[in-house]
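One structure below.
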Amino acid sequence: MFEKSLYDLIRGLRNHKGSEREYIAESIKECRKEIRSNDMDLKATALMKLTYLEMFGHDMSWASFNVLEVMSSSKFKQKRTGYLAAVQSFRRDTEVLVLAENQLKKDVMSPTPPYIALPLGAIPHVVNPSMANSVLSDLIPRLTHSHAMIRKKTVVTLYRLALVYPETLRPAWPKIKERLLDESEDPSVTAAIVNVVCELGWRRPQDFLPLAPRLFDLLVSGDNNWMAIKLIKLFATLTPLEPRLIKKLLPPLTKIIRETSAMSLLYECINGIIQGGILEAVEGTSEGDDVAKLCVGKLRGMMVIEGDSNLKYVALLAFEKIVRLHPKLVSQQQDVILECIDDPDVSIRMRALDLVVGMVNADNLTAIVGRLMRQLRNAPIASPTHESSNERVRMTEIVPYADDDSDAEEHLPRHEHQSDQPPSLPDDYRISVIKRILEMCSSDTYGNISDFDWYIDVLVQLVRVSPSTRHTSASEEKGDTERSDDVGGGIGRELQNVAIRVKSVRSEAVDAAQSLVLVDRREQMFPTSGNGGQGVLEYAGWLVGEYANYLSRPEPVMTSLLHSNSLQLPSKTLAVYLQAVPKVFSSMAGNDQVSWTPERKTLMSLLMARIIHFLEPLSTHPSLEVQERAVEYLELMRLAAEAASGTAPGTNNGDFTDPPLLLTQAIPALFSGAELNPVAPGAQRKVPVPDDLDLDTPINPNLQHLLSHAETEGFETDEDDVYASYSEPMASHTETPTIVAPAAERLDAPHREPASYQNAVEEEYLDPDIISRRKADRRERYKDDPFYIETEGDRSGAVTPLSRIVRDGNRENNDLDIDSIPIMDLNLERASSSDHVPRARSPRRPTRKVEIMGDENLGPAADNSSREDIVQPRPTRVKKSLLEVDSSGLGSLSLVDDDGSSNRKLTQLDMERKQQEEADMNKALQEVERLRLEMQRASERLHVKEEVAVKKKKRKVRKVDVEGDEPASTPPVEAVGEEADAAPVKKKKKKKVKPEGDIEAGEEADGTVKKKKKKKRTVILDDGEGTAE
Amino acid sequence: MINAVLVFNNAGQPRLTKFYTQLETAVQQRLISEIFTLVANRPNSACNFLPLPPLLASASKSSTPTTQHNDTPSLVTYRHYATLYFIVISTSTESPLALLDFIQVFVQALDRLFENVCELDLIFNFETLHATLGEMIVGGVVVETQLEHVVTGVKAQGRVAKRPVNESKGGGGAGGLGGLTFGGLGRGGGEGIWSGR
């Protein structure tokens, strides 16, 4: 048979353009054969080809055993091929890892340096704790190998060992330190050690303080720039612990800054001075001023230098690090930084964007936001077709295509990928710009905004430049409010916030909301392509409802809300719309000063008929929230329509006829309770639990009976009851309209459960009517109930002590005017001390005094820490990034010689984590044990039921069939193995559904039933094993 | 530390993939194509740092800003030589500018080993490519940045194969990566590498 070398494979690929897929499949098939041959050369070549194809995404995990075979070859070239294949293809779950351990140990002990280097390079890729423990003793002697190359690689390999097995450092660190302190050591080795120390250093800086003198010497005398950079980075983590280092470091650092020709070193010096807190430490002294001036001057130089955008980028990075601590220094560079916002390079723009968020203040907010808005407006919104240019790339995910050798040989003139015209902004950049704008404007409760009309205009404008959102339907169903690409919602929240907090611009905000809601202006208000920005409708809908009396054109708004387009809105928005409809209706119909004329009667009846027409189909909407609201208001509207048609209109001769009370009193009362004010996220928790609150006594002791009763009753009677509870009291209330609709009574029960009440805080914005209704309803009954917080808008006159506290707390906040918000004062001070910043704000400021409502709270404002865990309980474990190598294990191990302290130094987090891990491990072990026993029992049963000999024979035959397809997945446990053999092609889960094996193997009829049971169990066991490992 | 080193050509075909963590093959491919999408649309005047690709960006947001460094890859540095892109993904403990120099040394070492290296050399000798990288990075930590040492280290492992003769069309006329690159940057000796910037 003709055998292909790697060279032939690549040649072949290049000659099979268009049919690569077939060619590769064919080649892999050949490799499968070749790799099983006894000829080591053939094996190694096949492995090499597979490794090459793996680079394009072709799985070679099935060959892991063959990898091991080639690794054990005695020829260096073959061994190297084997090791490369191992590094590239071994994964966490590769089973032969256990076997590889011995090979690695053996090669580490080899007498020839290149042989030793192979396992040294491979171990970091495959190491796990048990392997680390086992190879550690072989690696440590290599630290004193005669060959510098081996020594330096060993140091690094040991570091990777320590990451998975921190105990490594106990024996290894003293030796590594010895190497570091040895001044006659090869500079390469020293540099490698410094690299490792730098990685270790930020985890446990305190352990490396004793090394500072030696490291300092290396910094001063070293001629290796890479090492110098690492040393500076290391020192930056040490200086906060040992301030005396600063004095020592400053001269060499400034010397390097002045003298070095390497820009990277210069930059890292500045960076080190910034990060190490050296600027703060020497602040105020003349020396400190010099240093600050030197650093900032150099950074500015990097920004303005022509043609090197890399320097611009890193300078922005450095500025970002100082902006929090030294806003003054950074704001002096405002001119060059703002230029970067419009840089053609998106990377630089992003950095600049991050930076300006930190340096924004009342003076420059308008300018910065203006720049960003301009950018958003002028660049076209990327249409989906824009991305198609990279279609070819996407294909590589699965199918590698043939090598295109036309490029590969000749040097191509670098071809420009972009034309000169401004490119359309990528969506994620657009989203992040909008988010930053909102963040900057809303920071410090709008502390930087002086002109709210402007802000509302900005918000409306932002809607129009929003990129279209993806996966709306999917994410909407999940109710995920934090979905990253929905900026519309964020803009809406801002609009809502402004309308609530800033009374003086409420009518403008409602105007804006109105313009967004109006269907006939949709084209104009929203971007033409996609559904960008539509998330804002949820909030705009709320605003037009809640502040319906501010509407300038309620009729068109109502028409828009009832428009058939609304039915297509996401269910969350639709629910808000449903809530807004009766609110707008009540403002249109609720006037009791106008006589009930025939025209009015006709108009109202028409309007109600339209509403009913809109609501009716929604009462069967799939979303429960929409359905519930639709049903509620449908009934209400039907009642109202009845009342309207039952009230005879007066004549047109000027006599005043009372309109129906349901329209003028009852319905408005549903929505016109107390004014809604912002509540601090933590306020709810601060409400003291009353002593007499009894959560243990069942509300209805007869619950069991009721439930069983309800079950036996038919559905229809049940439904009737529901309707009865809606309609009966309602009828009575038309006569005594001061009491609110009884639907609220249904809320009484949940009110007693703290859990569900807690939810009310989050949903307050969404369900304002519930709160107001509840308030009105309970005003009399729960005067002393602390859950009932009276607000300023309350007119009942009954002031409970609690509500007084709330009110007093509010007053304090409410009286804040914009000038007294702390950050502003701070900026004023700073800005006045700096001559570089143009000051345009002072004359305008006093002319308009904007009152911004703060959050309501009980007692002193909640501190952030307690707030955070109320509002958004953070997951204890942060999601790990894809490529991340977790080094947190190092945090708990002390490297300092005086031991015993290591245990005490365990942080709380580490302790918890450890306990958690131990608990998990115990649980997993128990589970494994349980499953093992079960499996054992099952197999015993099997042996009794069946003739072993026959079975075994069968299995063997099948195995041969299967091997070619999935030998790697053959599970280790016998019973499971059999299972896999029985249904070779199917996935494990499928077996449950299709117990083919049963029919095949179950020759004895009486065994079938029991065997089925057993099969199921083994499947579970298989899964359990997988997770336990 | 360094989390991954990638080399792919102008069409996005991988020439070297080295991940210093174990990653599913499919995810590797996705990451490569995400990065290629990012890098391919950049003009040459743009800086050599990429925004994080979507696969990496999602997780990095949750990282704690309290400490100076963390384990999350936060830096994607690349250089474009003729037909090839060289990508390094690293955490914040690496210096961005130094990584640019690092890539430069890597390419110089290849140039030295292959004498006027071009993409074809790397295709047919991808083992040597891996070996060269292995001399410079072990397990994500840089072990060597001196050109001479790297070249000696690779040569110690055996003769470096040349590209097959019949593959080369133009001989001297075919400009390699090196020829194109170093013209502008000044080809210094071992010491001069770091002052190149």
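The values are calculated or read from the model by the stated rules, or taken from the named source; none is laboratory data. Remember, it's a predicted structure, so these values are computed and weren't measured experimentally. Every residue, glycine among them, receives a Cβ derived from its backbone with ideal geometry; neighbour counts consider all protein chains shown.
All conditions but one from (1) aliphatic (A, V, I, L, M); (2) farther than 22 Å from residue B:99 by Cβ; (3) within 14 Å of chain B (Cβ to nearest Cβ); (4) in contact with an Asp or Glu (Cβ under 8 Å, 6 or more places away or on another chain) apply to residue A:229; the one that does not is (2). Considering A:194, A:220, the condition of being out of contact with any Asp or Glu (no Cβ under 9 Å at 6 or more places or on another chain), of a type in the set (Val, Ile, Thr) and within 11 Å of chain B (Cβ to nearest Cβ) is satisfied by A:194 alone.
Scanning region B:147-158 for residues that are at the interface with chain A (Cβ under 7 Å from one of its Cβ atoms) and touching a residue at least 12 places away in the same chain (Cβ under 8 Å) yields B:149, B:153, B:157. Within region A:252-277, the set of residues being touching a residue at least 24 places away in the same chain (Cβ under 8 Å) and acidic (Asp, Glu) comprises A:268 only.
Conditions: (1) at pLDDT 90 or above; (2) out of contact with any helix residue (DSSP H, G or I) (no Cβ under 7 Å at 6 or more places or on another chain). Residue A:50 meets all but one. Number of the miss? Every listed condition holds for residue A:50 apart from (2). What are the residues in region A:4-29 that are touching a residue at least 12 places away in the same chain (Cβ under 8 Å) and within 41 Å of the chain's Cα centre (by Cα), if any? Those that are touching a residue at least 12 places away in the same chain (Cβ under 8 Å) and within 41 Å of the chain's Cα centre (by Cα): A:18, A:20, A:21, A:24, A:28. Taking region B:110-143 as the range and being charged (D, E, K, R) and either over 22 Å from residue A:154 (Cα atoms) or surrounded by fewer than 23 Cβ atoms within 10 Å (Cβ to Cβ) (or both) as the test, the residues that pass are B:111, B:112, B:115, B:119, B:121, B:127.
Among the residues examined, residue A:303 qualifies as over 28 Å from residue A:247 (Cα atoms), assigned to a helix (DSSP H, G or I) and more than 28 Å from the chain's Cα centre (by Cα). When residues in region B:134-146 are screened for being part of a helix (DSSP H, G or I) and either facing another protein chain (nearest Cβ under 7 Å) or within 14 Å of residue A:83 (Cα to Cα) (or both), 1 of them pass.
Matching residues to (1) surrounded by fewer than 21 Cβ atoms within 10 Å (Cβ to Cβ); (2) in a helix (DSSP H, G or I); (3) not hydroxyl-bearing (Ser, Thr, Tyr):
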{"site": "A:495", "(1), (2), (3)": "no, yes, yes"}
{"site": "A:507", "(1), (2), (3)": "yes, yes, no"}
{"site": "A:514", "(1), (2), (3)": "no, yes, yes"}
{"site": "A:521", "(1), (2), (3)": "yes, yes, yes"}
{"site": "A:542", "(1), (2), (3)": "no, yes, yes"}
{"site": "A:556", "(1), (2), (3)": "yes, yes, yes"}
{"site": "A:559", "(1), (2), (3)": "yes, yes, no"}
{"site": "A:567", "(1), (2), (3)": "yes, yes, yes"}
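Residue by residue, here is whether (1) farther than 20 Å from residue A:190 by Cα; (2) out of contact with any strand residue (DSSP E or B) (no Cβ under 7 Å at 6 or more places or on another chain); (3) in a helix (DSSP H, G or I) holds:
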position: A:219; (1), (2), (3): no, yes, yes
position: A:227; (1), (2), (3): no, yes, yes
position: A:233; (1), (2), (3): no, yes, yes
position: A:240; (1), (2), (3): yes, yes, no
position: A:245; (1), (2), (3): yes, yes, yes
position: A:274; (1), (2), (3): yes, yes, yes
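Just one residue in the set A:241, A:200, A:234, A:245 is within 30 Å of residue A:299 (Cβ to Cβ), crowded, with 19+ Cβ neighbours inside 10 Å and more than 11 Å from chain B (Cβ to nearest Cβ); that residue is A:245.
Here residue B:28 fulfils each of the conditions (1) in contact (Cβ under 8 Å) with a residue 24 or more places away in the chain; (2) closer than 29 Å to residue A:226 by Cβ; (3) at the interface with chain A (Cβ under 8 Å from one of its Cβ atoms) apart from (1). Can you tell me which residue in region A:63-110 is nearest to residue A:139 (Cα to Cα), limited to those that are away from every other protein chain (no Cβ under 14 Å) and buried (at least 23 other Cβ atoms within 10 Å of the Cβ)? Of everything passing the filter in region A:63-110, A:71 is nearest to residue A:139 (Cα to Cα).
In region A:278-299, the residues that are crowded, with 20+ Cβ neighbours inside 10 Å and in a helix (DSSP H, G or I) form Cβ pairs under 8 Å with partners that are of a type in the set (D, E, K, R) and modelled with pLDDT under 80, at six or more places apart or across chains, as follows: A:292/A:283.
Conditions (1) of a type in the set (Ser, Thr, Tyr); (2) in contact (Cβ under 8 Å) with a residue 60 or more places away in the chain; (3) farther than 17 Å from residue A:631 by Cα, marked per residue:
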residue	(1), (2), (3)
A:549	no, no, yes
A:563	no, no, yes
A:572	no, yes, no
A:578	no, no, no
A:588	no, no, yes
A:596	no, yes, yes
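Among the residues of region A:9-51, those identified as under 23 Å from residue A:96 (Cβ atoms), buried (at least 22 other Cβ atoms within 10 Å of the Cβ) and within 14 Å of another protein chain (Cβ to nearest Cβ) are A:44, A:45, A:47, A:48, A:49, A:50, A:51. Scanning region A:276-291 for any residue that is touching a Pro at 6+ places or on another chain (Cβ under 6 Å), closer than 16 Å to residue A:322 by Cα, within 11 Å of chain B (Cβ to nearest Cβ) and of a type outside the set (Phe, Trp, Tyr) turns up at least one such residue. Of the candidates A:394, A:324, the single residue that is among the basic types (Lys, Arg), modelled with pLDDT under 80 and not in a helix (DSSP H, G or I) is A:324. Count, please, the residues in region A:41-94 that happen to be among the acidic types (Asp, Glu) and assigned to a helix (DSSP H, G or I). Here the count works out to 3. I'd like to check something: does region A:716-735 contain any residue that is surrounded by 14 or more Cβ atoms within 10 Å (Cβ to Cβ) and at pLDDT 65 or above? No, every residue in region A:716-735 fails to be surrounded by 14 or more Cβ atoms within 10 Å (Cβ to Cβ) and at pLDDT 65 or above. For region B:31-59, a residue qualifies if it is more than 7 Å from chain A (Cβ to nearest Cβ) and in contact (Cβ under 8 Å) with a residue 40 or more places away in the chain, and the qualifying residues are B:35, B:39.
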